[in-house]
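J.: Please find one structure pasted underneath; my questions will follow.
FYI, it's all coordinate maths here, none of it is from the lab. A quick note: this is a predicted structure, and the numbers were derived from the prediction, not measured. Because the Cβ atoms are built from the backbone with ideal geometry, glycine has one as well, and the counts that use them run over all protein chains shown.
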Amino acid sequence: MIKNSLTLHSGKSILPVQEDMIEKILASQFEKAQARLILLLDTNGQVISFQGSRGSIDLVALGALAAADMAASSEIARISNVYQDNQMIIRQGSKINSIIYEIGHDFIILFMVPVAVPLGWFCYLVRNTAEQLNYYRLKAIGLNGE
């Protein structure tokens with residue numbers, strides 16, 4: 001069966017080869033991070049992929065809220081003259097920590113892990129996941145010179 005490209009609200013498309021690579025990367029990082037949930041979104045909040053147990057979580061609502069949170073945080077950084085690419089929002093809780101991370105100007109990733117996972121390791125894994133996703137996105141569309 002031939003898979004079709006996934007068209008995002010932004011008008012961009014994700015090719016089937018990219019979709020397969022996204023799934024492999026997220027599955028690998030899900031295990032390494034001992035994550036509860038990983039959610040890959042476009043900047044409008046459209047869910048591209050997820051790993052984990054969603055239970056009763058409304059992924060569409062969660063995606064929209066994560067994108068809005070990133071947009072608000074990015075705007076705060078811009079107004080404060082401290083905006084940089086690849087912004088990260090960290091939330092620490094008593095049971096679950098979460099990171100919302102900007103991948104370039106196209107994607108956002110949300111990781112949720114138990115507090116037992118060391119924060120430094122968690123941040124490293126989120127950045128590493130973003131780098132892998134960005135590399136394979138560029139490779140699939142021929143923008144990384146390979």
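J.: For the range 112-126, just list the computed ³J(HN,Hα) in residue order, Karplus coefficients 6.51, -1.76 and 1.60, θ = phi - 60°, integers in Hz, with x standing in for Gly and Pro.
T.: In residue order, the calculated couplings are 10, 9, x, 5, 5, 6, x, 4, x, 5, 4, 4, 4, 5, 5 Hz.
J.: Also, I was wondering about something else. So what's the net charge close to Ser73: Lys and Arg +1, Asp and Glu -1, counting the other residues with Cβ under 12 Å from its Cβ? Can you show the working numbers first?
T.: Values: positive: Arg78, Arg91; negative: Asp69, Glu75, Glu102.
Residues near Ser73 contribute -1 overall.
J.: While we're looking at this one, here's another question. Quick check on the chain: what does the Kirkwood estimate of hydrodynamic radius come out to from the alpha carbon pairs, in Å?
T.: Details: mean 1/r = 0.0637 Å⁻¹.
Its Kirkwood hydrodynamic radius stands at 15.7 Å.
J.: Let me ask another. 5 Å is the cut-off here: which amide hydrogens, built 1.01 Å from N in the peptide plane, fall below it relative to Arg36, excluding neighbours closer than 5 in sequence?
T.: Met112, Val113
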